[in-house]
1. Checking the condition on the phi > 0 side of the Ramachandran plot and among the hydrophobic types (A, V, I, L, M, F, W, C), which residue from Cys124, Cys66, Cys50 passes?
2. Taking the range 222-268 as the search range and keeping residues that are of a type in the set (Asp, Glu), over 23 Å from the mean Cα position of the chain (by Cα) and over 22 Å from Gly107 (Cα atoms), which one is farthest from the ligand (Cβ to nearest atom)?
3. Quick check on the range 137-156. Is at least one of its residues out of contact with any helix residue (DSSP H, G or I) (no Cβ under 8 Å at 6 or more places or on another chain), charged (D, E, K, R) and on the phi < 0 side of the Ramachandran plot?
4. Restrict the check to the range 137-145 and report whether at least one residue is among the aliphatic types (A, V, I, L, M), closer than 30 Å to Ile74 by Cβ and within 16 Å of the ligand (Cβ to nearest atom).
5. With respect to Met201, determine if the residue is more than 15 Å from Asp122 (Cβ to Cβ), open to solvent by less than 70 Å² (accessible area, probe 1.4 Å), touching a Ser or Thr at 6+ places or on another chain (Cβ under 7 Å) and within 16 Å of the ligand (Cβ to nearest atom).
6. Being open to solvent by less than 30 Å² (accessible area, probe 1.4 Å) and more than 14 Å from the ligand (Cβ to nearest atom) is the filter here; which residues of the range 88-101 pass it?
Amino acid sequence: MTTLKNVLIEARKKLVDAGIDDAASNVDLMAASILQTDRGRLPLLWHEPCESAFIESLMTMVQRRCQHEPLQYILGSWSFLDFVVNTGPGALIPRPETEELFVDLSGYIEKFILNKNFLFADVCTGTGILGVALARKFPSSHGWLSDISNDALNIAKSNLELVENWPDRLGLLRADLLSSFASAVFEVIVANPPYVCSSDMAGLQPEVRDFEPALALDGGENGLDLIGKMLEQACFCLKNGGLLAFEHGHGQRNDILSIIPPSFEVLKTADDLCGRERYMVLRAIR
Ligand code: GLN
């Protein structure tokens, strides 16, 4: 009789042999997802016999992971803050540094945006995490989630129902950054734009390089093509006193500070939990 424990041990070994980090937690999360249970409850099932359908599903997932496909794509969902979003190869996977950006931005919204019935834009929305998180945190807000990629928009669309009353509050738009929006309409703009230097793309870890969409990663020669364009457009689209928060790469902070238009004050430049330069929050002042 094959028990769950035996199958998990075999699956872990395959991942270790393929050089995958965190083999144990990867396997546990796969098993928990197939069994539709919490990872913490698996030990209660360790000595239960395994059905062949379970073993087949788990080994298919393990094989995909051995090819370095991100666990987040294999599972088809991943957590961001207090909710779980659908994930897929058309959009970047949710990352903890984006959670940090969101938490800081929320604090600045509490402080500076007095009317909580505000309009926001989440550009380069990908899975929609930032826009969905904003709409959940500020239940009177309204927002546009935009992306240039239809594949990303399809994933974002599947995540809108995480927001109460979303059909009245959120719009999805295929657009190039902020080019489709009018002057002085937004109180808040948030973005996780592509910011990897083109020359660094080939050196990214295989999970990122071979599976995540290059369109969502490649920021041009110095990584700042989209951030530069967004800064210019945000001057036009933000209301006076409005906030712009965005993610960027390590080593880009000074270059970004040198191109910020004079109609912005810098409220915060922040490192992420790994100590890498990661995001900033600006305020429009006219
Ligand atoms: N954080 C990602 C990475 O370093 C890049 C995300 C992005 O370009 N927006 O791989």
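1. Cys124
2. Looking at the filtered set, the residue picked out is Glu232.
3. For the range 137-156, residues out of contact with any helix residue (DSSP H, G or I) (no Cβ under 8 Å at 6 or more places or on another chain), charged (D, E, K, R) and on the phi < 0 side of the Ramachandran plot: present.
4. We begin by selecting, within the range 137-145, every residue among the aliphatic types (A, V, I, L, M); these are 145.
Next, from what is left, pick out any that are closer than 30 Å to Ile74 by Cβ: 145.
After this cut, where a residue has to be within 16 Å of the ligand (Cβ to nearest atom) as well, the list is 145.
Yes: the range 137-145 contains one or more residues that are among the aliphatic types (A, V, I, L, M), closer than 30 Å to Ile74 by Cβ and within 16 Å of the ligand (Cβ to nearest atom).
5. No.
6. Correct list: Gly88, Gly90.
Table: residues versus (1) surrounded by fewer than 15 Cβ atoms within 10 Å (Cβ to Cβ); (2) under 15 Å from the mean Cα position of the chain (by Cα); (3) more than 30 Å from Arg64 (Cβ to Cβ).
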site: Asp122; (1), (2), (3): no, yes, no
site: Ser141; (1), (2), (3): no, no, yes
site: Glu161; (1), (2), (3): yes, no, no
site: Leu177; (1), (2), (3): no, no, yes
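Residues checked against (1) in a loop (DSSP other than H, G, I, E, B); (2) over 14 Å from Phe211 (Cα atoms); (3) at pLDDT 95 or above:
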residue: Ala32; (1), (2), (3): no, yes, yes
residue: Ser57; (1), (2), (3): no, yes, yes
residue: Val62; (1), (2), (3): no, yes, yes
residue: Tyr73; (1), (2), (3): no, no, yes
residue: Pro89; (1), (2), (3): yes, no, yes
residue: Leu92; (1), (2), (3): yes, no, yes
residue: Glu99; (1), (2), (3): no, yes, yes
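The values are calculated or read from the model by the stated rules, or taken from the named source; none is laboratory data. The shown structure was predicted, so the numbers you read here are calculated from the model rather than taken from an experiment. A quick note on method: Cβ atoms are made from the backbone with ideal geometry, for glycine too, and the neighbour counts reach across all protein chains shown. The accessibility values were calculated without ligands, DNA or RNA, using every heavy atom of the protein model including side chains. Shrake-Rupley method; radii C 1.70, N 1.55, O 1.52, S 1.80 Å.
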